[in-house]
Every structure is written in structure tokens, then in C-alpha cells.
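Encoded as C-alpha cells, the structure appears first; notes follow it.
The values are calculated or read from the model by the stated rules, or taken from the named source; none is laboratory data. Values in this document were obtained by computation on a predicted structure and should not be read as measured data. Here the Cβ is made from the backbone with ideal geometry for all residues, glycine too, and neighbour counts use every protein chain on show. Accessible surface is based on the protein model in full, side chains and every heavy atom, while ligands, DNA and RNA are left aside. Shrake-Rupley method; radii C 1.70, N 1.55, O 1.52, S 1.80 Å.
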Amino acid sequence: MPNTGRPSRDCHLCRQRRVKCDLARPACQRCIKYGAQCPGYRDQQELVFRNADPTVVKKRKKRAPLPQSPSSQSSSSSSSSSSSDGGVLSAPSLSPNGDFVFTSSTDLVLVNGANYNARPPLLRPVYEHWTSHSVPIILDVYSNLDFIKDMYRDYTDDGPLIWAAHLFSRTYVTNMQYSTALSRSSDSETQRELGGYLGKTLNLVSEALKTPEGAQRDDILATVWILTNYELLIGSLSRTEVLSPWHLHARGLYSILKARGCAPLLKPDGRKSFWPAYSMVQIQALITNTECPPESQEWLETIDRLLPLHPGEGLGLAISYFIIKICSVQARIFNLLRRRDFPGASRDYPDLFAQMKAAEQEFEDWIEKNYVGTHILEIYAMSLYHSAIVKGYHVMRLLINFLTHYPPCPIPLEQLNEDREYSVKTAQNAAQGILESVPRVLGPLSSSRDKSPKTVFDALRVIWPLISVYVMDICRSEQRLAAEGLLFYIGRELGVRQALNTYPDTLTLPAEAKEPLGHSSIPVIDLAPSRSDSDEDIQIVAKNLYEAFKDVGFAYVKNHGVPEDVVNEAFNWSRKFFNLPQSDKDLAPHPPEAWHHRGYSSVGREKVSQMIFDEASIAAARNVPDVKESFDIGREDEGARMSNVWLPRDVLPGFREFFEEFYEICYAAELELLRLVAIGMGLEKEYFVGYHMKKDNQIRLLHYPAIEENLLRQGKADRIAAHTDFGTVTMLFQDDVGGLEVEDIIEKGKFNPAPYIPGTAVVNIGDFLMRWSNDELKSTMHRVKAPPLLEGEGEIPKDKKTKERYSIVYFMCADMEKTVDCVPGCWGPERPKKYEPVNCMEYINMRMEALY
Ligand SMILES: O=C(O)CCC(=O)C(=O)O
Ligand SMILES: [Fe+2]
């Protein structure tokens, strides 16, 4: 058997008979027809890859096939097999270094004593240097690209393709062998071999490229393309470092394509080798936010002209045209953002958005007219299309965010918001397409996952799309998590290291591009889909809520279950109440006992403080008054621990009735939310509901009177000082005055505005649930300050007053008599409970004490 080149892939019997084998598996049809039992294929025999000095390999190449192990020739072999010839070894002496074996075409197994012994004796090990299998490996890897096979048949034994095959296959074998380890830099022999192959490949390529004919050689183009894939195997690509080797090879591909020009595209082989190379070039443009090569148009038009002869290229062509347009839009956006060019951005925006949509439309029109099948190459192509969508709309959203910070922008804010919503939706749909394609490419993620060389190629192709889902925060968090899981699998199990090298966007962009004006990172979550019959929809809403509460502790909730007119009516009653003369409001006074939290508290009476229980600290906190007045309402039934303190009925008729009803409406919304949180945490749906049966909740009407704005800005007065809520969950309705701020989840001490978003309630986790969940869900600090400064607003005139603010808060609390222990799933051997069980009433009392 020669060391390199073209080992026959035929089954043993066909080879012996010198007839053409149809390569069918598990048994070839020819054998079946002859009535013989097909003895199987060469790669089904056990094969031990062994390290050897490459120079030995070279020597062997020149000789006739030897049935001899290289270990007998090479003193540097790491394999200390006790037998040196004949290829048959007794079991125990095999593979002391954990060499590789093939047990079937789809299985690479690391040998260890235990599983070797378990193997049937029929499978005889064949001893050869692994390089004799590098070509079969690469052919298996690229079995979807038949031109690669032809090339290995047509080009010389010692050509660049052979050395690239050694390089790629050796890396593949090493990665698979140590797939879960990060690296094996200590394996100097492997490193030396790899260095040798890389050097040899690069030399042969650059030698060939010295002549004009060399650039025309399809094998040179294919070799450089294999090199870009090799860089992914070792994970050398850094998206933003354009000097990293992957980028150099991708640029090499471009310069070879450029030197070749259109002539090779007129020949079938030239076209076949063009596509993989060109798609790498396009990927580079996508990654680096640059335009596709200017020659693209010419190349694609040439391809287009001969399309009737190659109809299978239609999809690739349509996607390539699409990517050219996306790259151009992206490059223009980056140009504007990098220069922080507000006027340019607002001038170009309508055109950029329209271009993007037009490109999308054009592709969709193509799809309508053409059939896209389920061939693996079509699936890859669609994934690439989807990743261009994700990337394109991610960048578009940056531009939209940026523009919201520019008041002179002539595009109305509503339009920008609508476009942002469209961008997010489209990107998320595309991300879904990517995620759904992966199991079709790699097989279901089950324990019997195929780890044959072919899957490495499949994995290489889905890496881009998955990385784009993983790193682009336009995708939903559960999509990004799913992408992360798949990338881990590809990196750790399939040995494609690039999957573990995903870099967050380190591009320096203006801060305005990251968030739209006035938005903190609080997600907006629509509950409406959770009321459908679809279990999947319920799960998604629940997961989104859970993620928001885990990461931020806050969410804007749309369709929360309290109808908009009811909320408006509540604000009307609240305004009526607080507008009563002071003496009337004082007819429903908050009792003197701190724990009896009902009735009216006038300005300055209550001081919220943050988990401080000692007298001195409470006194200190009282120095800065909270300029607010409030009215608290609780459950009305006989079992209530605190009775409500209502106004005499004739003072504000209808007020009490309305809020008694409002209380029930809020409670219904509470139950829905609690169920979703439980589902999101993987608990039984009614888990939290069971602790909230008694309606031990509280409604709080808040009024922050107009006040000298400078007092608020200078910290001489507060509306409500920074605090966390102490119940289970809080639902807050606010008016459009602004001023609510939520602590940044990363930069502690920094507070981001949480402005009014029409149709939403602000929902946040309280300390009780944080403790209950062993700190899994976050109770985040928030406060009410002066509304954010308007653009261009500098000094506030001395006696300018802020607008008065109204808000209505519904605090959900667990039943007073219940004692809670850590929620199941939030603790375990790796995560001990941080808190003792606590009784609800005791807990609330402790917190109330600090208030007055
Ligand atoms: O009025 C607001 O917007 C915030 C109220 C609040 O955080 C509270 O009462 O706990
Ligand atoms: Fe609060």
C-alpha cells in the first residue's frame, strides 16, 4: 500500500477481483449480486495511527509498499509497540500512548486497554504511518465536494494538496484524540510534524504562485482553501485581527481568484473550485464589515451566463448576490458609526434600510420561483444566508440605536422603533433557521453522534452561522444559549477548535450604537403568546421572563393582564385622591405602627432604606427626605392581618370600590406571572401560586409632587431612594414623566433610566424571591430621580420645578403564615443553600421596621 495518494476505496473483494466496487455500505451491491458476503472496506479495519518522523514517511513513499511498521525504522516514534512487522500485534502491547484507531468509517475511538480487549478479534490492526490515511480522511471530510476527489486523482503525489491533506488530517486526528483538552502543546513530535507539513504546503503554494500558470491551477486554489479550514481546526481566527492566519489565507484566496479572472469560470472544474474559495472570501467580508471584492460582480455575471448548464449553482449565486449587498450596507454603516457621523447617518439611513430590505426581497422572490431542496449543500447555503441576515440586521439595529440619540434626525422615533422591531424579528427568525438546520447537518444531538471525518466538514460549514447567533445580541437569549451548546459540541466533541474561540464584538463603536436613547437593558416581554395553546410559546415566554429576572431582575411586560383602560382609571382615581385637601387625605392616616402598612402617608413620612436594620443607619438615611406621598391598600377579607384604612365613603365615593376590584384584577395577573416564572425555572407550574393563595399583597398609590429639580439632581432630596423591593415580585405602572432608574447589572452604582413604555408594566423581583431562589433571580436596586435631562439641556434654572409623578405599585407577597426554603433546582451539592428557611411574616416585619 503506498503511503500517500490514492488508496483504493473499494471493498476488499472487489479490489481482489479488480472490478469496480459501487462502494455501498455496509455491503457492496456487487458482492451481494455475486452471492458473496461483502468483506467490508479498508477503513473499517482497525487502523492505528502512529507518530513517526516525517522524513521516514518520505523515505517510505519512495519505496515499494512495505508491510512494515515505521516504528521499526524510527527511533523517535512515540509508539513503543512490541511488534514491528506483519501488522499484527497482541492486544496488550498495542497503543501505549493512546493511539487512534478506526473501528468503523464513522467512529474514531481512543484506544485504552479496556475497550481494546472488548473488541472482536476479527478486526485486525493494520500498522502504517497515519499519513497513508490522510488522503482518505480528507476525501471523507470533503465527500460532498466531488471535485476534491478528482483533484487528488489528477495531481501529483508530492503536490501541495498532499501536504495540505497531511496537515489537515493530522490536525484532525490530534484534535479528535485530545478533543476535550485545550491543547497538547507538549506533544512536540506532533507539533514538529505539523510545522513541517504547514511549511511544505506554504512553500509549494508560494512557489506555484510565482508563475502566472501557477495561479491558474485549481489545486493551488483548493490548497489555500484547505488551509483556511485548517485554521478553523486549530481555532486561529480572531474576527477583528485581520492579520491572523485565517484572514491571511482568506485574502490569499481573493488574490488567487483575482489573478485567475473569469476564464476558469467557463470550465466546470474551474467553477467547482471557485465556489468554496469565493464563499470564504465573502465570509471574510461579512466578518470584517467590509465590501465584497469589486470583481465579484464580474465573476458572478460570468457564472450567471452559463447558469443553464449548471442549474445547481442558482442558489449559491442568489446568496452571493445577497451577501454582496449586505456587506455593502454593513460597510457603509460601520463607516458612519466609526466616525460618529450623526448627520451622515440620518441622511443615509432611509437608503440603507431600503437597500437591506430590497436585498432580502430579491432573495425571497428568487426562492419563490426556484425550488430549494434538502441537499446538504443547500442547507449550508441557507444557513449562510441566514447568518448574513443576522449580521446585517444586527448592524442595522446599531445604526437605529445610534440615530435615536440624535434629536435633529428627521426620521420620527416611531419609525425607528418600528424598523428596530422589524430588524430584531427578522434576525431572530433567521437565527431560528440556523439552529434548526444544525441537527439536519450534524444529526440529532444524541449520544450516538456521528463523529466521522465527514461531520468535521459539516461542522466547519455551520460554524459561521452558529457563531453569528452566539455573539449577536440581537438573537434571543435562548437562541444564543442553544448556539453556545452546539458550538461546545463542535469544539469539544468534533475537535473544531474555532467553535471554542468565539470572540465578543470588540469593535470600538460609539456608545450610542449599543442602546437606543433612554433604554436600559431591561427586555420587553409580551405575555400574549403564553395564552395560546402552544406549549412551545408558553415555554418561550416563560424562559424569556426567567432570563430577564435572572440577568436583570426587571422586565417590561406587555399584555400583563391588567387592561389599559383599567390602568388609566386607576391613575384617575389616584390623581383624585392626592388632589384632595390635606385634611381630607389625613382622614385615612397610616397607623403609627410601622407594620400596619395601610392608608395614607404624607410627604416625608416614609423613608425606604436598603437592608439597613440598625438605628444609626436608619437615622442617617432619613436625612435626605423622600418627597412623595402614598396610599397603601391590602386584602380586605377577615383573615387579613392589617385592616385597610379607607377614607370615609362620602369623601371620595367610588374610590374604595374601584381599588377593591383593581386588587382582584392585579391578583389574576399575579397568578399568571407566578406560573410563568415557575415554568421558566423548570418547576411545577403551580409551585409559586401555592404560596400566594391568601392574597397577602399590597397596592401602593404614589404621588411625587412637583419639586425644585435642582434639589433632586444635587441629592438634597429624593423621590424614592435606591432600594430593592422586599416581596416576591412587584408590578409597577408608571406615568410618562420619567425618573425611574434601575441599577446597571454590570456597572454597580450606575443607574440607567427605565422610561415609560406605553402598554407595559415594569415587573421586578423582590428580595424575598431572590432569597427563596438562592439568589438565582435578582432583586435589583432602583430609585426615582429627576427625569433624564433632555438633549442639549445643561444647567437647570434655579427654581425650575420637575413635573409631578404618579405611579401605582402592586407588590406580590407570599402568604404570611408560610415558611419557605430554597426553591428546588436552585441548590445542590455544588451550590449550597445560602439561607435558612424563613417565615414570611417575620421577614416582612423585619423589613417594615426599617421603613418608618
Ligand atoms: O414610583 C416608582 O416608579 C417606583 C416605586 C418603587 O420602586 C416602590 O415603591 O418600591
Ligand atoms: Fe421599588
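Residues that are open to solvent by less than 30 Å² (accessible area, probe 1.4 Å) and in contact (Cβ under 8 Å) with a residue 12 or more places away in the chain: does region 365-378 have at least one? Within region 365-378, not a single residue is open to solvent by less than 30 Å² (accessible area, probe 1.4 Å) and in contact (Cβ under 8 Å) with a residue 12 or more places away in the chain.
Taking the criterion of being among the charged types (D, E, K, R) and either assigned to a loop (DSSP other than H, G, I, E, B) or under 14 Å from Pro350 (Cβ atoms) (or both), the residues of region 398-425 that qualify are Glu418, Asp419. The residues in region 402-438 that are open to solvent by 30 Å² or more (accessible area, probe 1.4 Å) and of a type outside the set (Lys, Arg) can be counted, and the count is 18. For Met681, indicate whether it is within 31 Å of the chain's Cα centre (by Cα), crowded, with 17+ Cβ neighbours inside 10 Å and either free of Cβ contacts under 8 Å to residues at least 40 places away in the same chain or within 16 Å of ligand 2 (Cβ to nearest atom) (or both). When the stated conditions are applied, Met681 does not pass them. Of the residues making up region 306-344, just one is among the hydroxyl-bearing types (Ser, Thr, Tyr) and open to solvent by 40 Å² or more (accessible area, probe 1.4 Å), namely Tyr321. Checking each residue in region 706-722 for being within 13 Å of ligand 1 (Cβ to nearest atom) and open to solvent by 10 Å² or more (accessible area, probe 1.4 Å) picks out Asp718, Ile720, Ala721, Ala722. Within region 723-745, the set of residues being more than 10 Å from ligand 1 (Cβ to nearest atom), modelled with pLDDT of 95 or more and out of contact with any helix residue (DSSP H, G or I) (no Cβ under 9 Å at 6 or more places or on another chain) is empty.
For beta carbons closer than 8 Å, sequence separation of 6+ or different chains, a first residue in region 799-818 that is away from ligand 1 (no atom under 16 Å from the Cβ) and a second that is polar (S, T, N, Q), the qualifying pairs are Lys800/Asn710; Ala814/Thr728; Glu817/Asn839; Lys818/Asn839. Within region 307-326, is even one residue more than 21 Å from Lys272 (Cα to Cα), in a helix (DSSP H, G or I) and touching an Asp or Glu at 6+ places or on another chain (Cβ under 6 Å)? Looking through region 307-326, none of the residues is more than 21 Å from Lys272 (Cα to Cα), in a helix (DSSP H, G or I) and touching an Asp or Glu at 6+ places or on another chain (Cβ under 6 Å).
Note on region 716-737: residues that are assigned to a strand (DSSP E or B), under 23 Å from Leu545 (Cα atoms) and near ligand 2 (Cβ under 9 Å from one of its atoms) amount to 3.
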